[in-house]
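Colleague: Below are the structure tokens for one structure; questions will follow.
The values are calculated or read from the model by the stated rules, or taken from the named source; none is laboratory data. Because the structure is predicted, anything quoted here is derived from the model rather than measured. Neighbour counts are summed over all protein chains in view; Cβ atoms, including those assigned to glycine, are modelled from backbone coordinates with ideal geometry.
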Amino acid sequence: MQRAIAAFAVVALLSLNGVAQAPLDKAAQQWVEATLRKLTLEQLVGQMVFAPLNSTYVSSDSAAYDALVKLIHESHIGGVIAFGGTEPVPQVMLNPTYSPIILGQPMELASLLNRLQSVSALPLLTSSDFEWGPGMRISGATKFPRAMAFGAAGDPRLAYEAGKITGAESRAMGVHVDFGPVADVNNNARNPVINIRSFGEDPARVGAMVAGWVRGVQDAGMLATLKHFPGHGDTDVDSHLGLPIIPHPRARFDAVELPPFRAGVTAGAAGVMVAHIELPAIDPEKGPATFSAKVIGGLLRGEMGFDGLVYSDSMKMAAIAKMLPPGEAAVRAATAGVDVILDSPDSAVAVTAMVGAVKSGELPRAQVERSVRRILEAKARLGLHRVRAVNLESVAIALGGRAHEGVAREVSDRAVTLIKDARASVPLPTPGTGSVLYLSVLDYPSGWRIAAPSRTMIPELRSRWPATESFEISDRTTPSELDLVRAMAAKYDAVIAGVFVRASSGSGRLDLEPQVEALLRDIARGSERRAQPFVTVLFGNPYTAMGLPEAPALLLTYDFSDHAERSAVRAIAGEIAISGKLPIALPGLFPLGHGLQRGSGAP
């Protein structure tokens, strides 16, 4: 497998046929030059700011739509970033389990982008975080497993296929830029923000996956963006909540953090997103890489030779928003060499401040023009100077579908990793007539609106073991309820626990509650005395395994999704082969690359 990955990496690095590498034809070059000459200072600066929008329905007769049109007409913004959607929730204490986050809708997004393109003097460059496919934000679009599942499957071809599907579905909706792949090397078990968003902790293997995703996305006509430069994988601080400081020497960056970014740049990535992290070894001045000319101009553009678009991460994140007001933050980022100010708390203020900085000499006009040239060239490579709108009738044909879902299913099945099976419980030896206790074990019960835990696991188990009873436990489960579950476990022929632990941006949480871990330990000990099969499946954070050393059988999926739950049940039932390998080490338990193999026992 290692030779296969290395061979793919060589092919990927030599294949420069993505959109980012395509030279502009004469007409496109003329359009860029003519457009640059006619832009006023305000229009130039506006091109560098991308404003947020939701992908839920927006009437053309609404305040939300008017606000977007105003940014286009008065602030001259150069693009937008599409999120999913939000709904108001009650701001209550004691039981704050409601989630405001919802998925967007594909037709609504395509319609809104068409309308905005029609009122903009210049074509808009549209973007979104489609790290694991458009289904990450958009209902009905294909959603792939998280990046770490690709790492466990170990096949860069799957990264290429997923990237290509992502690009095709995105362009059908009118989205041009994918803020992916994540090129971070996750080698910190306590990383609260990257975790399963990373392909793993081995720089070469991560680089091969990154190159595959980049080539796939760009072969489909979309622009890929490497993030979070120069590496957000070794921190225990979430930049949504504060400013992480990466203390490693420069040699460590060259050996660990930078290789996947180099692989992505060589593969032709059109963009790079700079992280809100502080890097004393690269720039001794305090402050995030977002404001560092040494990181952007020196390392990325100078040493690595990257001449594509440099994006900020969201300027709403606390690492930046707590430090400076929107206008000053935008000026600092642009002065450091950022081409696109993304998701400012106030896009209009950002534009106004940057215009003022050019007039005062703080932000050189020549630097602004270089950034805008890159932005216009990206638009021209996408053909937006010729055609901006998408055909709404093609959306339903391009999005989702059985072939695309088949790729997602293959990744999910091949990612399942069996790291421990002390009592030969996988496949589960319990006959279909036996009784099964299923425990849906959550870190905490709030925020699960999009991917409700066990919604697929339970019916899939019951289709194979009809006498399955299920309970949900979390940090809100009372001691008496935990005692009840503890006592009931002895009454079943087998116990299966599905453990859901998130490393969620902005949550600040990463573990099961101690009393919940204690329950699982007690059930493990009791099941050993009773010779009772007990299988634990980890959804999401794989490092949760380090808190469950007594678990006799452990399966990892690296994801939260219907596909992950279905793959887990199929693995437990012996219906698919188990071939996944750990893409990260579990300190104190198992090394990188560990994984027990099981053949398919299904007839």
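Colleague: Filter region 406-454 for residues that are of a type in the set (A, V, I, L, M), closer than 16 Å to F539 by Cβ and surrounded by fewer than 18 Cβ atoms within 10 Å (Cβ to Cβ) and give the result.
Modeller: I450, A452
Colleague: Would you be able to tell me the number of residues in region 538-558 that are buried (at least 16 other Cβ atoms within 10 Å of the Cβ) and touching a residue at least 60 places away in the same chain (Cβ under 8 Å)?
Modeller: Within region 538-558, residues that are buried (at least 16 other Cβ atoms within 10 Å of the Cβ) and touching a residue at least 60 places away in the same chain (Cβ under 8 Å) number 14.
Colleague: Can you work out which of the residues in region 70-109 that are acidic (D, E) and farther than 17 Å from M136 by Cβ is modelled with the lowest pLDDT?
Modeller: The residue in question is E87.
Colleague: So, of the residues in region 577-591 that are in contact with a strand residue (DSSP E or B) (Cβ under 9 Å, 6 or more places away or on another chain) and in a loop (DSSP other than H, G, I, E, B), which turns out to be nearest to A545 (Cα to Cα)?
Modeller: L589
Colleague: Here are G233, G287, G264: which of them is free of Cβ contacts under 8 Å to residues at least 60 places away in the same chain and closer than 30 Å to K164 by Cβ?
Modeller: On inspection, the qualifying residue turns out to be G233.
Colleague: Name every residue in region 304-335 that is surrounded by fewer than 21 Cβ atoms within 10 Å (Cβ to Cβ), at pLDDT 95 or above and of a type in the set (K, R), in order of residue number.
Modeller: K316
Colleague: I've got another one for you. I'd like the full set of residues that are loosely packed, with under 14 Cβ neighbours inside 10 Å and either over 26 Å from D25 (Cβ atoms) or outside the structural domain of A220 (by TED's automatic domain parsing) (or both), limited to region 373-394.
Modeller: E393 - this is the single residue of region 373-394 that is loosely packed, with under 14 Cβ neighbours inside 10 Å and either over 26 Å from D25 (Cβ atoms) or outside the structural domain of A220 (by TED's automatic domain parsing) (or both).
Colleague: A follow-up question, please. Looking only at residues that are of a type in the set (S, T, Y) and within 23 Å of V501 (Cα to Cα) in region 426-467, which one is farthest from the chain's Cα centre (by Cα)?
Modeller: That would be Y438.
Colleague: Does region 354-371 contain at least one residue that is in contact with a helix residue (DSSP H, G or I) (Cβ under 6 Å, 6 or more places away or on another chain), at pLDDT 95 or above, crowded, with 23+ Cβ neighbours inside 10 Å and within 22 Å of Q117 (Cα to Cα)?
Modeller: No - not one qualifying residue is present in region 354-371.
Colleague: Limited to region 513-557, what total is found for residues that are assigned to a loop (DSSP other than H, G, I, E, B), more than 27 Å from P429 (Cβ to Cβ) and in contact with a Ser or Thr (Cβ under 9 Å, 6 or more places away or on another chain)?
Modeller: The qualifying residues number 1.
Colleague: What single numbered condition from (1) closer than 25 Å to D307 by Cα; (2) in contact with a strand residue (DSSP E or B) (Cβ under 7 Å, 6 or more places away or on another chain); (3) at pLDDT 95 or above fails to hold for A20?
Modeller: (3)
Colleague: Among the residues of region 237-276, which ones are within 20 Å of the chain's Cα centre (by Cα), more than 27 Å from R509 (Cα to Cα) and assigned to a helix (DSSP H, G or I)?
Modeller: Within region 237-276, L258, P259, P260, F261, R262, A263, G264, V265 meet the criteria.
Colleague: Another question, if that's okay. Against the definition (small (G, A, S) and either in contact (Cβ under 8 Å) with a residue 24 or more places away in the chain or in contact with a helix residue (DSSP H, G or I) (Cβ under 8 Å, 6 or more places away or on another chain) (or both)), how does A64 come out, yes or no?
Modeller: no
Colleague: For region 36-75, enumerate the residues that are under 30 Å from the mean Cα position of the chain (by Cα), crowded, with 17+ Cβ neighbours inside 10 Å and part of a helix (DSSP H, G or I).
Modeller: V45, G46, Y65, L68, L71, I72, listed by residue number.
Colleague: Specify which of the listed residues (F150, F83) is over 30 Å from G595 (Cβ atoms), in contact with a Leu (Cβ under 9 Å, 6 or more places away or on another chain) and not hydroxyl-bearing (S, T, Y).
Modeller: Going through F150, F83 in turn, the sole match is F83.
Colleague: Another one. Go through the residues of region 197-207 one by one and say whether even a single one is within 18 Å of A270 (Cβ to Cβ) and at pLDDT 95 or above.
Modeller: Checked region 197-207: at least one residue is within 18 Å of A270 (Cβ to Cβ) and at pLDDT 95 or above.
Colleague: I've got another one for you. Does at least one position in region 506-515 carry a residue that is touching a strand residue (DSSP E or B) at 6+ places or on another chain (Cβ under 9 Å) and either over 13 Å from L442 (Cα atoms) or of a type in the set (V, I, T) (or both)?
Modeller: Scanning region 506-515, I find no residue that is touching a strand residue (DSSP E or B) at 6+ places or on another chain (Cβ under 9 Å) and either over 13 Å from L442 (Cα atoms) or of a type in the set (V, I, T) (or both), so the answer is no.
Colleague: Pull up region 559-603, narrow it to residues that are of a type in the set (D, E) and surrounded by fewer than 24 Cβ atoms within 10 Å (Cβ to Cβ), then point me to the one that is nearest to S440 (Cα to Cα).
Modeller: Here the answer is D562.
Colleague: Separate question: For region 333-347, check the following and say yes or no: at least one residue is in contact with a strand residue (DSSP E or B) (Cβ under 7 Å, 6 or more places away or on another chain), assigned by TED's automatic domain parsing to the domain that holds H228, farther than 24 Å from H76 by Cβ and charged (D, E, K, R).
Modeller: No - not one qualifying residue is present in region 333-347.
Colleague: Now for a different question. Mind checking whether some residue in region 363-372 is in a helix (DSSP H, G or I), under 29 Å from the mean Cα position of the chain (by Cα) and either assigned by TED's automatic domain parsing to the domain that holds K316 or farther than 27 Å from P23 by Cβ (or both)?
Modeller: yes
Colleague: Strands (runs of 3 or more DSSP E) wholly in region 409-479 with at least 3 residues that are free of Cβ contacts under 8 Å to residues at least 60 places away in the same chain - which ones?
Modeller: 435-442, 467-473
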